[in-house]
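Comments concern the structure below.
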Amino acid sequence: MNILIIGGAGYIGSHVTGEFLDNGAKCTVFDNLSSGLRENIFKEAVFIHGDIHDYPALLETMTAGSFDAVVHLAASKAAGESMLNPEKYSHNNISGTVNILNAASAGGIKNIIFSSSAAVYGEPQYLPIDEKHPANPENYYGFTKLEIENMMKWYDKLKGMHYACLRYFNAAGYDIKGRIKGLEQNPANLIPIIMETAAGIRDEFMLFGDDYNTPDGTCIRDYIHVNDLATGHTLALDFIKKENKSVIVNLGSEKGSSVKEVLQTARDVTGRPIPSKITNRRPGDPAKLTASAAFAYKTLGWKAQYSDMKTLIKTSWEAYTNERRNI
């Protein structure tokens, strides 16, 4: 199997690359290193320093590579930022994906795995959220992910490009085997921000709202270990190749943790006080999001193995302490 992984130097992308390599695939990483890191590119993978907005370079890569599949992880992903800078998300997520789809079509690549998001659902009408839940994004990031899914449906219908849209819940943790050393740059997600506070990189952790309709007043999210996500990619590709059809599937742990619960676990695991301050809510943040992963188990045989909160925090803290040995 010959796989092109766009965004394979990033946080999730590097773990996905490792999983494909572990399964015997040949991998090429295509990344502009705007947020990815060279040190997270596996030496067994071919690396192409390229940008999805450089269509000629993308086209050359896709047409010359004889790839069996493309994994698309190249998108901006901060929900809060998307509400302030929709232009960036239109350009990177929507326009960039158009280039990827067109280049893949020109290269005759018939399989694509896309990192979508639970943000496509918006405020939940029921919990846990399954794939039949209405898609009504509350932030622009989620809107772009849903638009990409819709484009892929048309490319499947018109070009025979089968896809798996993997609707991630909240990716967290670091490689169970300790191979991924480089830390996320300018993280916008909860657990790495807490880790930065524990490590002294940030002075305090800002908690956005404690007046939600939840038991402790803070948002509840479904956190999924990045190794579990990576396994979902390999299983999804096996499925669409074997079944010769596309699929949209949730990848979540089916467990919810509040911000305060995550913070307390981090204090327990790290032994650090982790100063925090409560501030205003962010626009577009639903009170609670948890997944049903029953369809993933039924179709892909996938189930989260490492997504308990203690493991999520422990592997994250190990990555931070390995990278910054003086903390």
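The values are calculated or read from the model by the stated rules, or taken from the named source; none is laboratory data. For clarity, every value in this text was computed on a predicted model and none was experimentally measured. Cβ atoms come from the backbone with ideal geometry, glycine included; neighbour counts cover every protein chain shown. Note: accessible area is taken over every heavy atom of the protein model, side chains too, but ligands, DNA and RNA are not part of it. Shrake-Rupley method; radii C 1.70, N 1.55, O 1.52, S 1.80 Å.
Things worth noting here:
- Any hit, the stretch 65-73, residues being open to solvent by 40 Å² or more (accessible area, probe 1.4 Å), over 20 Å from V247 (Cβ atoms), in contact (Cβ under 8 Å) with a residue 24 or more places away in the chain and hydroxyl-bearing (S, T, Y): yes
- Test: residue in the stretch 200-220 that is under 21 Å from A319 (Cβ atoms), buried (at least 22 other Cβ atoms within 10 Å of the Cβ), at pLDDT 95 or above and in contact with a helix residue (DSSP H, G or I) (Cβ under 7 Å, 6 or more places away or on another chain): no
- Of all the residues in the stretch 21-32, those that are more than 16 Å from N99 (Cβ to Cβ), polar (S, T, N, Q) and not in a strand (DSSP E or B) number 1.
- Restricting the stretch 80-103 to residues that are in contact with a Ser or Thr (Cβ under 7 Å, 6 or more places away or on another chain) and more than 15 Å from L146 (Cβ to Cβ), the residue that is least open to solvent (accessible area, probe 1.4 Å) is N92.
- Figure legend. Inter-residue proximity from the stretch 118-132: first residues within 20 Å of K77 (Cα to Cα) and free of Cβ contacts under 8 Å to residues at least 24 places away in the same chain, second residues assigned to a loop (DSSP other than H, G, I, E, B) and open to solvent by 20 Å² or more (accessible area, probe 1.4 Å), beta-carbon distance below 6 Å, spacing 6+ or different chains. No pairs are indicated.
- Residue match in the stretch 140-150 (condition: closer than 24 Å to D228 by Cα, in a helix (DSSP H, G or I), among the hydrophobic types (A, V, I, L, M, F, W, C) and under 16 Å from the mean Cα position of the chain (by Cα)): yes
- Candidates R281, R272, filtered to the one that is touching a helix residue (DSSP H, G or I) at 6+ places or on another chain (Cβ under 7 Å), of a type in the set (D, E, K, R), in contact (Cβ under 8 Å) with a residue 40 or more places away in the chain and outside any helix (DSSP H, G or I): R272
- Matching residues in the stretch 284-304 - criterion: being assigned to a loop (DSSP other than H, G, I, E, B), at pLDDT 95 or above, of a type in the set (A, V, I, L, M) and out of contact with any Ser or Thr (no Cβ under 7 Å at 6 or more places or on another chain): A293
- The residue that is farthest from I52 (Cα to Cα), among those in the stretch 141-151 that are in contact with a helix residue (DSSP H, G or I) (Cβ under 7 Å, 6 or more places away or on another chain) and buried (at least 22 other Cβ atoms within 10 Å of the Cβ), is G142.
- Any hit, the stretch 49-67, residues being in a loop (DSSP other than H, G, I, E, B), within 17 Å of the chain's Cα centre (by Cα), of a type outside the set (D, E) and under 20 Å from S116 (Cβ atoms): no
- Only residues that are within 18 Å of E184 (Cα to Cα), in contact (Cβ under 8 Å) with a residue 24 or more places away in the chain and assigned to a loop (DSSP other than H, G, I, E, B) were counted in the stretch 33-48, giving 6.
- Considering the stretch 113-133, the residues that are of a type in the set (A, V, I, L, M, F, W, C) and farther than 15 Å from E149 by Cα include one that is least open to solvent (accessible area, probe 1.4 Å), namely I129.
- Residue list for the stretch 241-262, restricted to those being surrounded by 20 or more Cβ atoms within 10 Å (Cβ to Cβ) and assigned to a helix (DSSP H, G or I): V259, V262
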